[in-house]
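Read the figures in this text as sums done on the coordinates, not as results from a lab. In this text, all values refer to a predicted model and were calculated from it rather than measured experimentally. Reconstructed Cβ throughout: ideal geometry from the backbone, glycine too, with neighbour counts over all protein chains shown.
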Amino acid sequence: MDEKTVLMEVTGSIGKLTFNRPNVLNAYNQDVSETLIQGINALAADDSVRVIVITGTGKAFMAGADINMVNGWADQGGVSKIRASLKKMFTPNMLEMCPKPIIAAVNGLAFGMGCEIAMGCDYRIAASNAKFALPEIKLGILPGAGGSQRMLHLVGATRALEMITTGDPIDAAEAFRIGLVNQVVDGEALWEAVEAFAARLTDKSAHALKTAKQLIYQGGSLPLYDGVDYERDRFCEILLTEDAAEGTRAFLEKRKPVFKGK
C-alpha cells in the first residue's frame, strides 16, 4: 500500500487509516481511492483488528475530490462511460459493508468526498474545529458517492436539502445538534475520545457487531414490517452462535463474557 497518500497502522485492537496529502488538504484522487480500498480490505481481514478508525493529517479530514480527476470523468463523455469509471473507485458503501465498526475521527475540514466518507462510517467523532459541507453545487455539480442519500437519512430532508443546495459548511457544534456526528471534543483530545469510544466496542461480540450493522444498513432500507422480519431472522440466527451462549452463560455466572466472534 502506498504510504504517501494513505497511512495504515494497527495498534492493539484498533486499525487506523490516515489520509496523508496535507499539502492539498488530503484531496481525494485515484491513488487515495486505490489505497483506501486496499486498507479497508486489509484491516477487515486482520483478526487482531476489532475497530477501524479513519482520519486525516494536517488541517483536514478530506477537503473534497481532485478537480482534475472530476473533469477527467466528464471528458469521457456519456453517462455509461462515467459510471464505468466510478464503478472502479472507492465507494462509502464499502464502509457500511465492512463487518467491523468504523469510526471517522474528523480532525478538520470534511468537504465533498470527505463528508461522504465520514457519513459512510458507522460513527463520527469530530474535533471542535471541524467543518462539514457538500459544496458541489457551487461547481455546478452534485454529490456522487451517496452524499445526498446518507445526509437525508442522518439529518432529515429539510437540513439535507439546505446543505446540498447551498453548499455552505456547518461547524462541529451544529453537526452535533442536527445528529450528523456522535461527539464533539477539543482537537487535542480527539484521539483520546476515539480510543474511549472504541473501547466501548472492542469487548463486544464481533459477530453481534457485524449483524448490528446489517440490521441498520440492510434492514433499515426495507419497509417497516419487512425490516422487523429481517431483524427477527437475524435474531434467530445469532441465538445459535457460540458468543450468544457465552454471553448468556456469563450473565448467569455474574462474570464478564469472553467473546470469540463465533
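Whole number please: convex hull volume per residue of the Cα set in the chain, in Å³?
Convex hull volume per residue, Cα atoms: 145 Å³.
Under a Cβ-Cβ cut-off of 12 Å, what is the net charge of the residues other than V185 that fall near it, where Lys and Arg count +1 and Asp and Glu count -1?
-3
What dipole magnitude, in Debye to the nearest 20, does region 206-252 give about its Cα centre under +1 on Lys/Arg Cβ and -1 on Asp/Glu Cβ?
140
Using a 10 Å cut-off on Cβ atoms, rank the peptides 37-48, 95-106, 141-152 from the highest mean neighbour count down.
95-106, 141-152, 37-48
Pairs to check: K210/K256; K87/K213; K16/K210; K88/K204; K100/K256; K100/K262. Give those whose C-alpha atoms are more than 25 Å from each other in this structure.
Over 25 Å apart, Cα to Cα: K88/K204.
Determine the equivalent ellipsoid of region 206-252 by diagonalising the alpha-carbon gyration tensor, then write out the semi-axes as square roots of 5 times the eigenvalues, largest first, rounded to whole Å.
Square roots of five times the eigenvalues give 23, 11, 7 Å.
At what distance in angstrom do the alpha carbon centres of region 1-42 and region 227-258 lie from each other?
35
From the phi of every residue in region 66-76, what ³J(HN,Hα) in whole Hz does the Karplus formula 6.51 cos²θ - 1.76 cosθ + 1.60 yield, where θ is phi - 60° and glycine or proline is x?
5, 5, 4, 5, 4, 5, x, 5, 5, 5, 5
What net charge do the residues around G167 carry, taking every other residue with its C-beta under 13 Å from that of G167, with Lys and Arg at +1 and Asp and Glu at -1?
Charge balance in the 13 Å sphere: -1.
Less than 11 Å Cβ to Cβ from V106, Lys/Arg counted +1 and Asp/Glu -1: what total charge do the surrounding residues give?
With Lys, Arg at +1 and Asp, Glu at -1, the net is +2.
Using modelled amide H (1.01 Å from N, peptide plane; none on Pro or chain starts), what sits under 5 Å from the amide H of G56, excluding residues fewer than 5 places away?
When sequence neighbours closer than 5 places are left aside, the close amide H contacts are F19, N107.
Could you work out the relative contact order of region 144-230, using alpha carbon pairs under 8 angstrom and six or more residues apart, expressed as a whole percent?
Once normalised by length, the contact order is 14 percent.
Give a residue-ordered list of calculated ³J(HN,Hα) values for region 233-238 (Karplus: 6.51 cos²θ - 1.76 cosθ + 1.60, θ = phi - 60°; whole Hz; x for Gly, Pro).
Residue by residue, region 233-238 yields 4, 5, 4, 4, 5, 6 Hz.
Counting pairs of alpha carbon atoms under 8 Å apart in space and at least six apart in sequence, what relative contact order in percent does the chain give?
For the chain, the relative contact order is 15 percent.
Looking only at the chain, where both bridge partners belong to it, what percent of the DSSP beta bridges are antiparallel (to the nearest 5)?
Expressed as a percentage, antiparallel bridges in the chain total about 25.
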